[in-house]
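**Q** Okay, handing you the structure first.
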Amino acid sequence: MRFFALAVVAYCYFAPGLAFAQDIARQLAGSWKLTSWTIQIIGGDVTEPFGRDPKGRALITPDGYAAFVIAAANRKPAASDAESAALLKTLMVYTGPFTIEDDKFTTKVDISWNELLTGQDQVRFFKLQGDKLTIRTAEQASAVYPGKKVVGTLAWERER
């Protein structure tokens, strides 16, 4: 009987948060088009690492999977191995299951363009306002600007 009472108390405590996270996941579900990506270098400038018009799409499913693809504007087909390798510096891609806790969106990376991220958690903070989604990173070491600490901000618009 004590176990049953404890189970009921635990359910009543955790169920509202779980329902909230599931509701937010349903609200985020869909296809999102990237409208801007900026990086604030701590103690320095705000930059646009992939240019003024980066291309990107976020696909978020209601059952908890996400895929993010971001590419620099004006990429050209490669004509050599060196140019093919250089294209990797203008691309970011990762996928994985995600969880939501309050305004924190955590993706457990299962596939990535950068194998250093595979198996890691990508923690982001989000703000959803209608068909606009803003995602920002915590202060972190930069993959784009080695040796620098940065905060990235990505703006998205719902496509579907």
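The values are calculated or read from the model by the stated rules, or taken from the named source; none is laboratory data. All of these numbers come straight from a predicted model, not from anything done at the bench. Neighbour counts are summed over all protein chains in view; Cβ atoms, including those assigned to glycine, are modelled from backbone coordinates with ideal geometry.
**Q** Out of A67, A86, A71, report the one residue that is under 25 Å from Q22 (Cβ atoms) and surrounded by 12 or more Cβ atoms within 10 Å (Cβ to Cβ).
**A** A67
**Q** Give segment 21-47 a look and list any residue that's under 17 Å from the mean Cα position of the chain (by Cα), outside any helix (DSSP H, G or I) and of a type in the set (D, E, K, R), or say none.
**A** Selection gives K33 alone.
**Q** Any residue in segment 148-158 that is loosely packed, with under 13 Cβ neighbours inside 10 Å and in a loop (DSSP other than H, G, I, E, B)?
**A** no
**Q** Could you grab me the full set of residues in segment 104-147 that are more than 28 Å from Q22 (Cβ to Cβ), of a type in the set (A, V, I, L, M, F, W, C) and either in a loop (DSSP other than H, G, I, E, B) or touching a residue at least 40 places away in the same chain (Cβ under 8 Å) (or both)?
**A** W113, L116, A143, V144
**Q** Which residues, taken from segment 89-101, are surrounded by 15 or more Cβ atoms within 10 Å (Cβ to Cβ), of a type outside the set (A, V, I, L, M) and within 22 Å of D53 (Cα to Cα)?
**A** If the condition is that a residue be surrounded by 15 or more Cβ atoms within 10 Å (Cβ to Cβ), of a type outside the set (A, V, I, L, M) and within 22 Å of D53 (Cα to Cα), then T90, Y94 are the ones that fit.
**Q** Take K76 and decide whether it is out of contact with any Ser or Thr (no Cβ under 6 Å at 6 or more places or on another chain) and part of a helix (DSSP H, G or I).
**A** no
**Q** Residues K104, K55: which one is farther than 19 Å from T137 by Cβ and either surrounded by 12 or more Cβ atoms within 10 Å (Cβ to Cβ) or modelled with pLDDT under 95 (or both)?
**A** K55
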